[in-house]
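All of the numbers you see were taken from the coordinates with simple rules; none came from a lab. Note that this is a predicted model, so its numbers are computed, not measured. Here the Cβ is made from the backbone with ideal geometry for all residues, glycine too, and neighbour counts use every protein chain on show.
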């Protein structure tokens, strides 16, 4: 599994507007359903919020990797978003989150889901790289940067 396989360039949003967790997840789900044609927004949002209620997916250093498994997903899919203002996402370090990498997997895809989470975590662990992502002006620029960084790592 590579980022190129799960993240469509159209599934990148560089100007998230929401200022809270549910709002950001809603925006990301809107992008996901628009790009992938997944119709059940309410179920997907509920799946993500249920996961957040178990513990925040805000991993610190301005990054969150919201994720979940649902029958609404036919395969592993992702959405990437950037908030210029930062969002209170209950991150582990208590700091605002600027970079969001949402991952959605089919219910039966536990192995690929975990591998994708590990790959995304590794990709975003470089704070300099995340600053560069935050400064990007276009979705295509962000997508290209993610693919280039992944290629360097793997």
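Below is a table of values for the structure above.
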| read-out | value |
| --- | --- |
| Relative contact order, percent, the chain [alpha-carbon distance under 8 Å, six or more residues apart] | 28 percent |
| For 120, 6, order by how many other beta-carbon atoms lie within 10 Å, fewest first | 6, 120 |
| Taking the range 38-80 and dividing mean pair separation by its residue count, relative contact order in percent (alpha carbons under 8 Å, at least six apart) | 43 percent |
| GNM result for the chain, Cα springs below 10 Å: residue of 75, 88, 53 fluctuating most strongly | 53 |
| Structure-based [θ]222 nm, the chain - -39500 (n - 2.57) summed over DSSP H runs of at least 4, per residue, nearest 500 | -14500 deg cm²/dmol |
| Equivalent ellipsoid semi-axes, the range 17-81, via Cα gyration tensor eigenvalues times 5, rooted, Å | 19, 13, 11 |
| Among 123, 54, 25: highest mean-square fluctuation, GNM of the chain, C-alpha pairs under 10 Å | 54 |
| The range 10-49 residues near the modelled residue 107 label - backbone nitrogen below 20 Å, point 7 Å along Cα→Cβ | 38-49 |
| Shape category assigned to the range 1-139 from the gyration tensor of Cα positions, a/c cut at 1.5 | rounded |
| Fluctuation leader among 140, 132, 61 - the chain, Gaussian network, Cα springs under 10 angstrom | 132 |
| Pairwise centroid distance, computed over Cα atoms, of the range 45-63 with the range 101-154, Å | 16 Å |
